[in-house]
1. As an exercise, use a Förster radius of 41 Å and the Cβ-Cβ distance of residue 138 and residue 98 to find the FRET efficiency, rounded to the nearest 0.05.
2. Restricting things to alpha carbons, tell me how big the stretch 34-129 is in terms of Rg and Dmax, in Å.
3. Cβ neighbours within 10 Å, averaged per peptide: list 145-152, 45-52, 125-132 in order, most packed at the top.
4. Calculate, for residue 127 and residue 168, the FRET efficiency according to 1/(1 + (r/R0)^6) with r their C-beta to C-beta distance and R0 22 Å; round to the nearest 0.05.
5. Tell me, what does the Kirkwood hydrodynamic radius of the stretch 73-174 come to in angstroms if you use every pair of distinct C-alpha atoms?
6. Using a 7 Å offset from the Cα along the Cα-to-Cβ direction at both residue 50 and residue 185, what is the distance between the two label points in nm, to one decimal?
C-alpha cells in the first residue's frame with residue numbers, strides 16, 4: 001500500500017510555483033503589438049518587417065511600443081535602404097493605441113523619430129519615402145593601362161546575369177570604400193576618388209577614380 005502511494009507521487013509529481021499556484025495553470029497571454037511597414041511595395045514591406053525583428057526581444061513584437069523602439073526601428077530601415085542605394089530615405093512612424101492615433105513622428109535622412117520619452121502604443125505603421133536612388137553614372141580611371149580598367153571597374157559595379165541596369169551600378173559609401181581599397185591592392189596603385197553629384201538626378205552620383213602608379 002505504501003509502495004503504491006510512493007510510486008504515484010513519483011509518476012504524478014505536484015508542480016507548483018512560488019506562492020502555491022500550480023504551474024499547469026495557463027498564464028494569461030499578452031497580445032503582441034502590431035508593427036507594419038508601408039511605401040516599399042508588398043514584398044519589400046514584408047522583408048522590412050522581418051528585419052525589424054532585430055530590435056525585438058524573443059523574435060516577436062513587444063506588448064507595447066515605446067520611443068526607443070521607434071528610434072531603433074527607423075535606424076534598421078534606413079540601413080537597409082542605404083544598402084539599396086537610397087541614401088536620403090525618410091519616413092514617419094504613426095503610433096496607435098486602442099485604435100486611436102497617439103502621434104505621427106517623422107524622421108529625415110540620417111535621423112530618427114523624436115517622440116516624447118514616455119510615449120506608448122500598441123501598434124505602429126512605418127511609412128517610408130525612399131527618395132532618390134544613387135548609382136554610379138560613370139567610372140573613369142586615369143593612369144591605368146587599358147587592360148586593367150575593366151578589372152578595376154568590376155570592384156565598383158556588379159557583373160552578372162541577374163544584376164542589370166541601375167541595380168548593378170548602385171552607389172553606397174560602403175561600396176565606394178570597399179571598391180577603391182581592393183582596386184588599390186590588386187592594381188598596385190594609389191586611388192583618389194573625386195565626386196560629381198548632379199542634384200536631383202536619378203543617377204545622382206558620378207565617381208572618377210584617379211589611379212597613379
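Just so you know, all these numbers are worked out from the coordinates, no wet-lab data involved. Model, not experiment: these values are computed from the prediction. No Cβ is skipped: glycine too gets one built from the backbone with ideal geometry, and neighbour counts run over all protein chains shown.
1. 0.15
2. Just the Cα atoms of the stretch 34-129 yield Rg and Dmax of 12.3, 37 Å.
3. Taking the mean over residues of other Cβ atoms within 10 Å, the ranking is 125-132, 45-52, 145-152.
4. 0.15
5. About 16.3 Å, per the Kirkwood formula over Cα pairs.
6. It is 3.1 nm.
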